[in-house]
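The values are calculated or read from the model by the stated rules, or taken from the named source; none is laboratory data. Since the model is a prediction, treat every value here as computed from it, not as a measurement. Methodologically, a virtual Cβ is constructed for each residue, glycine included, from the backbone with ideal geometry; neighbour enumeration extends over all protein chains shown. The area values use the complete protein model at the heavy-atom level, side chains included, leaving out ligands, DNA and RNA. Shrake-Rupley method; radii C 1.70, N 1.55, O 1.52, S 1.80 Å.
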Amino acid sequence: MSRHPGQPLPMALSRRRLLQSSALGLAATALAGAGFSVAARADETPKRGGILTMARTGDVVSFEPVVPSDNMSIWAKLLVFQLLIRTNPTGDGVVPDLATSWDISDDKRTYTFHINPKATFSDGTPVTSEDVEFSFGRTIYDKDSPWGSMFPKLSMETPDVHTIVFNLHQDWAPFMAVASLHGAAIVPKAYFNKVGLDVFGNKPIGSGPFMMTDWKKGDSITFARNPHFWDPSRPYLDGIVLSIVADDNVRMLKVQSGEIDIGTQVPFNQVNKLKTAPGLDIQMVPYDRIDWIQFNEKLPVFQDVKIRQAMNYAVDKEAIIKAVLFGYGEVPTSFLPKMFMTDTTDKPYPYDLAKAKQLMSESSMPNGFSAKCTTYSGDTIFAQVAEIVQQMLLPLGIKMEIVPEEMNTQLAQVSAAQYEMAQGYMTSDIFDPSELVAFAGAGDEGSDSVWTYYSNPKVNALAKQALGELDEAKRRATYLDMQRIIFSDAPYLWLYWTPAITAIRDNVHGFMVLPTGNYWLEDVWKS
């Protein structure tokens, strides 16, 4: 048996440590020369009190842990709930959360987690192994859960109130990673069964550092300190307000004026200006994210691989990164973000208009076609990208109409297959690639390759093979083969990998965006 005791989470990572562990691989000299803060400042004496105001691009769909797959919902619910274990700050492993320690059998078939006996839900009831079993059961077996295929066949035991045992019935390489999945956030079984899914999604109860107290949908969400949080010294903040400010320019004006403390998703064209603004720090950190335009392969035109390939050759991603992202990005070599086991050995699609025209001439639509591309309204960066892509596709006879939509509306359209082309992006919720392989690569999984309806039987078989391969070198080779097939099939028009860039008032301490995109706020404080 291998024993894994709990270790305290660091408040901040050193610049050197973050860059060395970076999946994005941005050069230290480039960041230092640009004057960026890579890690949040730490202080010897955190101060208690204050409200943190944070502006984000969209609203939460629901606080129900299992069903929502959008980042606005995921990152907000992680303020309310605890996970059994969580991804570490460097994005390459796991650390304790609700479980303070765990044991793994030598054959990696039995995982025993020891639950913090101090853990309490915000209504004052203790967290038990029964709550953990219930929460994982919903994630794995609920008919509406998109996450079930990420888990192996297993059974659970609760030998006592603070112990849960997972008995795996098959080899499953990423089990520790998937055990940290947001969809398995721990909910109180009794309360959930009493009020039901819809009520719980609007009035959640968790054991995390904060509790949701008010939700003005489309405007803001307010959280207060959980008085029953297991650590009475934290969180330091009295509360949090998440404001919905979709417009990039408005969001940045609010953080510059001090109306808000944190402005997320800083537009690349404002980075240089904001880094010299008084009272502001610009934090740039590695981020497991990839941006694309996706195709609805339910439509005959996008079932033609030559058309999809032609569009990838016709778009000059390097030019887009230089003109719109001001150089803060990379052209993808895989459908995955630049993370653990991503293929970085092969070359990306080069800009080759002659090759693109040749493929179109051999396709089912040699004279081109018209298609609508829905985008997120208020996203000023992608608005520029979409216009450039629109122009670059014209030589192929492809007339792309840009249709801005409110983000949640666009996401709903995509998940209902009510689109032709669509802005999309993907971030990883765990350190292992298995989640995103299931989400965007394997077409026989719950999300139908992010509702592109791309499905290649060879890819689907390799994805399943990798899940059961405990030899890391062999598993890596399997994923490499799979990524090369997907890249050749071109189910997406890949655009760029980018870092996370956040504008933070200089009286905010301890804030850090993790490689998984979320943020833990129990250690954040204001001076």
Query raised in the report: Taking the stated definitions as given, is Tyr419 of a type in the set (Phe, Trp, Tyr) and closer than 27 Å to Asp107 by Cβ?
Result: no
Report task. Could you list all residues from region 275-317 that are within 27 Å of Ala422 (Cα to Cα) and in a loop (DSSP other than H, G, I, E, B)? Result -> Pro286, Tyr287, Asp288, Asn296, Glu297, Lys298, Leu299, Asp304, Val315, Asp316
**Report entry** Matching residues in region 243-274 - criterion: being in a strand (DSSP E or B) and open to solvent by 20 Å² or more (accessible area, probe 1.4 Å)
**Finding:** Ser243, Ile244
Query - All strands (runs of 3 or more DSSP E) inside region 53-157 with 1 or more residues being among the small types (Gly, Ala, Ser) and surrounded by fewer than 20 Cβ atoms within 10 Å (Cβ to Cβ) - result: 99-104
Query raised in the report: Which one is surrounded by the most Cβ atoms within 10 Å (Cβ to Cβ), of the residues in region 363-398 that are within 13 Å of Arg308 (Cβ to Cβ) and not aliphatic (A, V, I, L, M)?
Result: Ser363
Query - Residue tally, condition among the hydrophobic types (A, V, I, L, M, F, W, C), open to solvent by 10 Å² or more (accessible area, probe 1.4 Å) and either part of a strand (DSSP E or B) or in contact with a Lys or Arg (Cβ under 9 Å, 6 or more places away or on another chain) (or both), over region 205-228 - result: 4
Report task. Go through (1) buried (at least 22 other Cβ atoms within 10 Å of the Cβ); (2) of a type outside the set (Asp, Glu); (3) out of contact with any Leu (no Cβ under 7 Å at 6 or more places or on another chain) and name the single condition Tyr191 misses. Result -> (1)
Query raised in the report: Among (1) of a type outside the set (D, E, K, R); (2) at pLDDT below 95; (3) under 17 Å from the mean Cα position of the chain (by Cα), where does Leu31 come up short?
Result: (3)
Report task. Would you mind finding the one in Ile307, Ile240 that is over 26 Å from the mean Cα position of the chain (by Cα) and surrounded by 22 or more Cβ atoms within 10 Å (Cβ to Cβ)? Result -> Ile307
Requested in this report: Please determine, by comparing only the residues of region 431-457 that are over 18 Å from Gln418 (Cα atoms) and of a type in the set (Asp, Glu), which one is surrounded by the most Cβ atoms within 10 Å (Cβ to Cβ).
Outcome: Asp432
